[in-house]
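What follows is a short report on a single structure.
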Amino acid sequence: MDQRHQSHHRPQHPNSNHHDNHQSTFKRDMDDSGRGHFQHKRFRPGHQNHHQAGPSTPPSSPPTQSLSVQRQLYERDFPLYKQPVEVGNFSLDSERRFFNDARQLRYYMEPEKSCPNFDLRDGYRGRFVKRDDRVKEKLDHILRWILANRSKLQSKDTAASSSPCALGVDIVTWRGHLTKLLTTPYETREGWLLAVTRMGGTLYISEVETEAARRDRENRTERHEEMMYWGYKFEQYTCADDARSLPDPGGVVNTNEAFCTVVQTRLAEHRLLFSGEVDCRDKDPKAPSPPACYIEMKTSLEISTPKQRSNFHRFKLLKWWAQSFLPGVPRIVAGFRDHDGVVVSVETYHISKISQLIKNETNCWKPTVCMNFCCEFLSFVKSVVTEDNPRVVHLFSWDPHRDVTYSIHRDSQYSFLPDWYVREMTSSTSRETHHHHPPQT
Ligand code: A3P
Ligand code: MG
């Protein structure tokens, strides 16, 4: 069954790589970290205590201070995950300028041969413009989209419920940040830092680059730099600028360019609004409406041994599944390449079939664990971040084999909601209030 026909995603159907280009805020100095809060009490998934920490919590029961990531705590029924609905989209051009439209959306053109021999190394030296990954865009593009589309969001909200929350959603973030949360119970190498601010009742979640990630980024080998290009080159071989034209492998690969979908959905009680980059869509005009017509492009080393197959299932398919399941992108087209960057085969993966595919794998990941952990993390964040203030950041921190902990930062380098956004949102909120209480005449 296609996920479109379900009211919410179920574990037998689940079927993504983290990385949205836009993820991290980059803050080196930790000068105010001494004010941090550390673990006293554990946040126990499935227990009542996560609801105790709200604003009405008596001083005798302090909020829990850490969240366990242990897999077995999250092995229960798959949580409600509503079918994601595309509420808009935006594009970033070759200079990373924002447009509130789909001008960068591309169309998938199936390769003519099953063994296409695409040379992914072609153009790396002369026809590649790489986005500057030292620039941390935080949530800025999403916030621009929100300001340009507020009336849409709010009118929907008023129709559905009389929420006191200005935007009508609990969480605003990038899809890539959620992908990291989904894969956390299985991650053994890379930790993360997520900055959270509450404003107008909505929690904004924006990644901060860890010191380790910064070191890795600054010390990539030439080979690694080149291999990062290969994924984009594969997209160029298979995607065209419009439905009736052909891909242009002779053109320039510019990783500033992006098309992003903005989706709304609900994970248990958490109303989510997030955005993620989409590689391309089905070129058939009769294809289902977005996000169901979207296609995720991936590359991976060709599989030649049982051990490689098992690793592919246990590690790579987890990331592929999480990335696409979240926004409701139903398929992945994978190009399998050799060590020299030549694509030797192309295969389609349906997200809804991935859990079947990995079933016989020992020590494998479970979609329900991913989703339940993410859900508990969001509940934990809600219980901890109660002060509604754009200048306050709670910095949630996780390292492999540890619990999630947090620290609090006021007017610090971690503040990430820009003045232009705060100003616009707060002035319109008061305008909104005037609507509800018209002046007496
Ligand atoms: P692959 O997907 O073939 O690995 P995405 O698949 O998310 O659309 O990302 C497009 C490409 O960006 C990737 O192609 C890879 O080349 C590059 N990329 C993605 N995540 C990355 C990461 N964490 N580090 C380096 N490169 C990455
Ligand atoms: Mg891709």
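Where a number appears in this text, it was derived from the coordinates with a stated rule and is not lab data. Remember, it's a predicted structure, so these values are computed and weren't measured experimentally. No Cβ is skipped: glycine too gets one built from the backbone with ideal geometry, and neighbour counts run over all protein chains shown.
Values computed for the structure shown
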item: For the stretch 89-154, alpha-carbon Rg and Dmax in angstrom; result: 17.1, 49
item: Estimated dipole of the stretch 218-369 in Debye, rounded to 20 [Cβ of Lys and Arg +1, of Asp and Glu -1, Cα centre]; result: 860
item: Size of the stretch 84-224 as Cα extents on the principal axes (Å, biggest first); result: 55, 39, 30
item: Extent along principal axes [Cα atoms of the stretch 272-326; Å; largest to smallest]; result: 40, 29, 14
item: Normalised convex hull volume, the stretch 353-417, alpha-carbon set, Å³ per residue; result: 126
item: Residue-by-residue Karplus 3J(HN,Hα) for the stretch 106-112, coefficients 6.51, -1.76, 1.60, Hz, glycine and proline x; result: 10, 10, 6, 10, 4, x, 5
item: Residues of type aspartates and glutamates that Lys359 reaches as a straight line, Cα spacing below 16 Å, ignoring anything fewer than 8 places off in the same chain; result: Glu75
item: Mean Cβ neighbour count within 10 Å, used as a protection proxy, ranking 107-115, 79-87 highest first; result: 79-87, 107-115
item: Peptides 249-256, 236-243 ordered by average Cβ neighbours within 10 Å, highest first; result: 236-243, 249-256
item: 11 Å beta-carbon shell around Arg76, net charge (K/R +1, D/E -1); result: -2
item: Packing-based ranking, highest mean first, of 273-280, 307-314, 188-195 given that Cβ atoms within 10 Å are counted; result: 273-280, 188-195, 307-314
item: The stretch 249-395: equivalent-ellipsoid semi-axes (sqrt of 5 x gyration tensor eigenvalues, Cα, Å); result: 31, 22, 16
item: Shape box of the stretch 228-271 [Cα atoms, principal axes, largest first, Å]; result: 48, 29, 15
item: Cross-link reach list, lysines versus Lys136, counting only Cα pairs under 23 Å and skipping chain neighbours closer than eight places; result: Lys27, Lys180, Lys319
